[in-house]
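The values are calculated or read from the model by the stated rules, or taken from the named source; none is laboratory data. Being a predicted model, the structure only gives us computed values, none of them experimental. We place every Cβ from the backbone using ideal geometry, glycine too, and count neighbours over all the protein chains shown.
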Amino acid sequence: SSCRTPSGGSGQCVSVYNCPVLLALINKKDRTSQDIELLQKSQCGYIGTAPAVCCPNNPPKPSGNCYTPEGALGQCISLYSCAHLANLLKPPVPSESIAYVQKSRCDGPEQYSVCCGPPPKKDPTPIPTGSCAAQMTAFPPDPKSECCGVDSRVGNKIVGGNATTVDQYPWLVIIEYVKQGVTKLLCGGALISGRYVLTAGHCVAGQVLNIGTPRRVRLGEYDIAHDGKDCAPVEAGGEDCTDGVIKVDIEKTIPHPQYNPASALKRNDIALIRLAQTAPFTDFIRPICLPTKDMTLPQNRPINFTLFAAGWGAVSTRQSYSAVKLHVDLPFVTPEECQPVYSQPGRSVTLWNAQLCAGGQPGKDSCKGDSGGPLMYENGRTYEVNRSRQFWTSALRYGRSSWGLQ
């Protein structure tokens, strides 16, 4: 519906998630009192559970609406209006400069739009071959670099329901929630770059916030019951030990704008967590690759397509959590096979094309404590994350706390 903005201009009363100019203010790290006043005066009710705002019909171009490869706030403008990026393309142009400009691309009004922020402290010239630590920026690494989706383990591959080695799945994280000084571990996630974690929408929005506020992310965790370095035996003999957990503060949580915590369908149940500082690259802390193909499309799935899950979920009906990281292999289940499981009285839900089903084998499950963790598959030498685990059927759980159906 039509409305008037605080400045008297014309606007439309829409969900704040559909109003980029005001959403940018919400996501702004250092909001001023004027910003807060503008947001308060712009509110025009609610659309479902989302606040509605009077969004101006002709908003001014927001500043600080993107992030540079270093994670600094920038403005999405024409490449040729950003002097330090344009200068990188002056001949002769090294391949590293081209790669840096490509990483700076953003969805802007110009054909060649880039995120223009503070000039990098270091010239983006040659990143030494194999220097994955240098690729730990806000942007996910290129899978071809093998700086994502590769762990350093030696020995066992996945065995359903067994403990992992200490350096297996180094992208797994645990989210710490705090309420009245008490810290709880309620959800997992997957590190996808130096500054971002992928998790489930219900891990950062909705009822979970009644239990606690997500404050920190644990990187390099293996045994949650043990402080300091964690050690475990390896096949070759001896033992391997982690470097110890690194706890990083959460700068911002970003649920999918179309995720509705109140909906039983749990569609778009996915979210990002922006870390307050850049994660290191070690044997025990590494990002997973983003998918290079849409695995919901049949033509992209191999025969006997298998997915993998890992986390600190329940190990039995009597033990809600595992102290150490566990993993399990789960066969893909087609939508045609999966839908009948959710067409029964008491749990009638219509699946849609952005959801995947996996599992169906007795004794292999993903339960409480696994929320937000990755559903993964192997693509050659690397692992790629296909979904955060928020809606699975057959052997997997539905929603936040129920267990698998088989």
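Numbers for the structure displayed
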| item | result |
| --- | --- |
| Residue list for the stretch 250-293, filter: of a type in the set (A, V, I, L, M), modelled with pLDDT of 90 or more, in a loop (DSSP other than H, G, I, E, B) and surrounded by fewer than 19 Cβ atoms within 10 Å (Cβ to Cβ) | Ala276, Leu290 |
| Residue among Thr350, Thr296 that alone is outside any strand (DSSP E or B), at pLDDT 80 or above and over 19 Å from the mean Cα position of the chain (by Cα) | Thr350 |
| Check on Asp223, under 18 Å from Gln207 (Cα atoms) and buried (at least 20 other Cβ atoms within 10 Å of the Cβ) | no |
| Per-region count, the stretch 223-249, residues aliphatic (A, V, I, L, M) and either part of a strand (DSSP E or B) or at pLDDT 90 or above (or both) | 4 |
| Residue under evaluation Gly11, criteria (1) more than 30 Å from Pro119 (Cα to Cα); (2) at pLDDT 80 or above; (3) touching a helix residue (DSSP H, G or I) at 6+ places or on another chain (Cβ under 7 Å), criterion not met | (3) |
| Selection within the stretch 360-373 - modelled with pLDDT of 80 or more and touching a Leu at 6+ places or on another chain (Cβ under 7 Å) | Gly373 |
| Cys203 being within 25 Å of Glu384 (Cβ to Cβ), modelled with pLDDT under 90 and buried (at least 20 other Cβ atoms within 10 Å of the Cβ) | no |
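Residue-wise test of (1) among the hydroxyl-bearing types (Ser, Thr, Tyr); (2) not in a loop (DSSP other than H, G, I, E, B).
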| site | (1), (2) |
| --- | --- |
| Asp167 | no, no |
| Ile174 | no, yes |
| Val178 | no, yes |
| Thr183 | yes, yes |
| Ala190 | no, yes |
| Gly194 | no, no |
| His202 | no, yes |
| Leu209 | no, yes |
| Pro214 | no, yes |
